[in-house]
1. Does residue 159 satisfy being farther than 23 Å from residue 30 by Cα and within 16 Å of the chain's Cα centre (by Cα)?
2. Would a scan of the stretch 211-228 turn up a residue that is under 29 Å from residue 9 (Cβ atoms) and touching a helix residue (DSSP H, G or I) at 6+ places or on another chain (Cβ under 8 Å)?
3. Would you confirm, using the coordinates I've provided, whether residue 131 is farther than 13 Å from residue 236 by Cβ, assigned to a helix (DSSP H, G or I) and at pLDDT 95 or above?
4. Determine whether the stretch 195-212 contains at least one residue that is in contact with a strand residue (DSSP E or B) (Cβ under 8 Å, 6 or more places away or on another chain), assigned to a loop (DSSP other than H, G, I, E, B) and either under 27 Å from residue 26 (Cβ atoms) or at pLDDT below 95 (or both).
5. Residue 181: exposed (fewer than 12 other Cβ atoms within 10 Å of the Cβ), free of Cβ contacts under 8 Å to residues at least 60 places away in the same chain and farther than 30 Å from residue 75 by Cβ, yes or no?
6. Between 41, 103, 82, 71, which is part of a loop (DSSP other than H, G, I, E, B) and at pLDDT 95 or above?
7. When residues of the stretch 134-166 are filtered for being surrounded by fewer than 21 Cβ atoms within 10 Å (Cβ to Cβ) and outside any strand (DSSP E or B), how many remain?
8. Within the stretch 45-59, is there a residue that is touching a strand residue (DSSP E or B) at 6+ places or on another chain (Cβ under 6 Å), crowded, with 22+ Cβ neighbours inside 10 Å, modelled with pLDDT of 95 or more and in a helix (DSSP H, G or I)?
């Protein structure tokens, strides 16, 4: 990953120092829903690592949940902001081994990061994740769904995106790196903590999805279980 391409990234994303590490009600409800759907209980006391912490939203949620959290990020300014806010943050170039001993992590999360990483580097990163996780530890990752025609706006809307991965490729990587595939699915859709107009939109979108996506799967893709939402969630476990 070339860090030069991220020189103005936080400005483009509107990630200001004043907004760093602020998890609102909607985001908190989303993370809680993803954790529950992924088979996790309370995060209190768990060792949690985040790859690519961005503006620190998940970091704030983990801290409020009582998790023992650390994060990595490729942008030095964001690492400085995170440390200034009291988080244990590290430059991604140091590698995951800098965050703890082998087998020390209960959970590794990566929200909207894998698409930024070339496939060979992604293989190496996943190998580091497996080393860091304890037996039974879990990786949760969200990224644009390579199965879906609706992922194009996300995937090609950011010049730093390098890789797109679909369900079959997830299974291929898991097989190569000796992960158990627990889930390959669409992200959770939450309704708590959003403005009324956003709530109406989300309910409408969800109703349309429940009709259109199964029909697309049947008639255009010959069945199976592709993830046709713009993003997909992958849950992998180290046995």
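1. Working: farther than 23 Å from residue 30 by Cα: yes; within 16 Å of the chain's Cα centre (by Cα): no.
When the stated conditions are applied, residue 159 does not pass them.
2. Within the stretch 211-228, the subset under 29 Å from residue 9 (Cβ atoms) is 227-228.
Those still in the list that are touching a helix residue (DSSP H, G or I) at 6+ places or on another chain (Cβ under 8 Å) too: 227-228.
Checked against the condition, which is being under 29 Å from residue 9 (Cβ atoms) and touching a helix residue (DSSP H, G or I) at 6+ places or on another chain (Cβ under 8 Å), the stretch 211-228 yields at least one hit.
3. On the way: farther than 13 Å from residue 236 by Cβ: yes; assigned to a helix (DSSP H, G or I): yes; at pLDDT 95 or above: yes.
Answer is yes for this residue.
4. Going through the stretch 195-212, the residues in contact with a strand residue (DSSP E or B) (Cβ under 8 Å, 6 or more places away or on another chain) turn out to be none.
No.
5. Working: exposed (fewer than 12 other Cβ atoms within 10 Å of the Cβ): no; free of Cβ contacts under 8 Å to residues at least 60 places away in the same chain: yes; farther than 30 Å from residue 75 by Cβ: yes.
Taking the combined requirement at face value, the residue does not satisfy it.
6. Numbers: 41 fails: at pLDDT 95 or above; 82 fails: part of a loop (DSSP other than H, G, I, E, B); 71 fails: part of a loop (DSSP other than H, G, I, E, B).
That would be 103, the only listed residue that is part of a loop (DSSP other than H, G, I, E, B) and at pLDDT 95 or above.
7. Of the residues in that region, 17 qualify.
8. yes
The values are calculated or read from the model by the stated rules, or taken from the named source; none is laboratory data. None of the values given here were measured: they were computed from a predicted structure. Virtual Cβ from ideal backbone geometry, glycine too; neighbours counted across all protein chains shown.
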